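The values are calculated or read from the model by the stated rules, or taken from the named source; none is laboratory data. Everything numeric here is computed off the predicted structure, so don't read it as measured data. A quick note on method: Cβ atoms are made from the backbone with ideal geometry, for glycine too, and the neighbour counts reach across all protein chains shown. These area figures cover heavy atoms from the full protein model, side chains too; ligands, DNA and RNA do not enter into them. Shrake-Rupley method; radii C 1.70, N 1.55, O 1.52, S 1.80 Å.
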Amino acid sequence: HCVKLVALFRTGLMRNGMNKNQLDDLLLSISGALAGGEKRPTKNLLRQYKLVQHAREFMLDRKSDPPTIIDVCNALSVPERTLHSALKRVLGVSPKQFLTAQRLLAARRKLRETGAAPAVCDVAASLGFLEFGHFSMAYKAMFGELPSETRRKSL
């Protein structure tokens, strides 16, 4: 679902006046519909939506120092299994996939900065990607271009 979310972003929803929070709400709704298609949300599903939203906010607040899954669980006072279940049900991804997507989005933002933005390998390292080849492959899978191409476009 993360790749689908990025594709929606690429279509220009935000350029057409939709703000980030509206886009996030829309994406959560769409992913919920795709994941379950339940007619009326149960209390458990609503709790899971809230947990996913809090996890997302926690991760976004720490994008310069990406948290581990354990950090997220400790901050939200939930077991790893609970976080895993909520993310799988609401967004259709595991916590690891979600964290990776958030780190890749943060990398894209940094690479798009104009001016004296850091080198691609520095961006990757700053976001916890220790293997540059893995970072490049994951980045290309998510955004359809290499990180160096994104960087080159911003110069």
Quick check, is residue 101 of a type in the set (Gly, Ala, Ser), open to solvent by less than 10 Å² (accessible area, probe 1.4 Å) and in contact (Cβ under 8 Å) with a residue 60 or more places away in the chain?
yes
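Yes or no, residue by residue, for (1) open to solvent by 50 Å² or more (accessible area, probe 1.4 Å); (2) farther than 30 Å from residue 47 by Cβ; (3) free of Cβ contacts under 8 Å to residues at least 12 places away in the same chain:
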| residue | (1), (2), (3) |
| --- | --- |
| 81 | yes, no, yes |
| 91 | no, no, no |
| 143 | no, yes, no |
| 154 | no, yes, no |
Subset of region 107-122 that is aliphatic (A, V, I, L, M) and at pLDDT below 85 - its residue that is most open to solvent (accessible area, probe 1.4 Å)
116
